[in-house]
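Shown next, in structure tokens, is the structure this report addresses.
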Amino acid sequence: MMEEHTGLFKFFDGIHPISAKSKEALRKICFELAMPKGKDLQSIGHTCKTIYYVEKGLARTYYYKDGNDITESFAFENSLIARVESLFTGNPSKKGIQLLEDSILIGIPSPELFNLYDQHHDIERLFRRIFESAYVETINRIESLQFHTAEERYKDLLSTSPNLLQRVPLKHIASYLGITQVSLSRIRAQI
């Protein structure tokens, strides 16, 4: 069944190719999951123990601050999503993962994945590169919020994810940009 999920292994090959033996070891621990739009893949307050590859659909990481629903990130097809701070610490997360579309995901359980590191150093190297890349993305996101205007952040989001407006409700885009929906409407009207 997992042989069908060539997208996941193409994604991995684009980051760091791994051996056929390592691919087979990874295939054995992966599982497929289909979930409907609006469902929480992982709820706030739970400990993250799974990394998800979005094969089809769209997800977001979110949290609540002062009663407001804030979007931290989006995960489109051919990307990974997890609450890494919980994954590495084993602590419950203050964030959740919600599906914005009907989705098909491939789950990679972290305990089993981390156990493979000792036998398959190429898997360890692959995930080190994935986590390094995610760290850089997080720093870029923080710097974007610190140094760029909301309009610049909006234009950047449109250039990196051009179909975002067709797929994501404006309230989530506004909260991701750190602005109100009214401010987002103003920016959109000016562009």
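Structure summary
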read-out: Residues of type aspartates and glutamates that Lys95 reaches as a straight line, Cα spacing below 16 Å, ignoring anything fewer than 8 places off in the same chain; value: Asp40, Asp66, Asp69, Glu72, Glu85
read-out: The stretch 1-110: equivalent-ellipsoid semi-axes (sqrt of 5 x gyration tensor eigenvalues, Cα, Å); value: 26, 15, 11
read-out: Shape category assigned to the stretch 59-150 from the gyration tensor of Cα positions, a/c cut at 1.5; value: prolate
read-out: Calculated SAXS-style log₁₀ I(q)/I(0) at q = 0.15 Å⁻¹ - the chain, Debye, Cα scatterers; value: -0.96
read-out: Cα-based helix-to-principal-axis angle, 110-119 vs the chain, degrees rounded to 10; value: 50 degrees
read-out: GNM top mover of Ala34, Ala134, Ala20 - the chain, alpha-carbon springs below 10 Å; value: Ala20
read-out: For the stretch 39-98, average projected area of the Cα convex hull in nm²; value: 3.9 nm²
read-out: For Glu132, solvent-accessible area (1.4 Å; no DNA, RNA or ligand), Å²; value: 90 Å²
read-out: Cα-based helix-to-principal-axis angle, 121-147 vs the chain, degrees rounded to 10; value: 10 degrees
read-out: Whole-Å distance, taken between Cα centres, linking the stretch 113-191 and the stretch 11-55; value: 19 Å
read-out: Accessible surface of the chain, 1.4 Å probe, proportion on carbon and sulfur as whole %; value: 52 percent
read-out: Among the listed pairs Lys10/Lys171; Lys65/Lys155; Lys10/Lys37; Lys94/Lys171, those beyond 28 Å (Cα-Cα); value: Lys10/Lys171
read-out: Accessible area per residue, Å², the chain with all protein chains present, probe 1.4 Å; value: 55 Å²
read-out: Mean residue ellipticity (222 nm) of the chain, computed from DSSP H runs ≥ 4 via -39,500 (n - 2.57), nearest 500; value: -15000 deg cm²/dmol
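The values are calculated or read from the model by the stated rules, or taken from the named source; none is laboratory data. Quick caveat, the model's predicted, so the values are computed rather than measured. When the accessible area is computed, the model is the full protein with side chains, heavy atoms only, and any ligands, DNA or RNA have been set aside. Shrake-Rupley method; radii C 1.70, N 1.55, O 1.52, S 1.80 Å.
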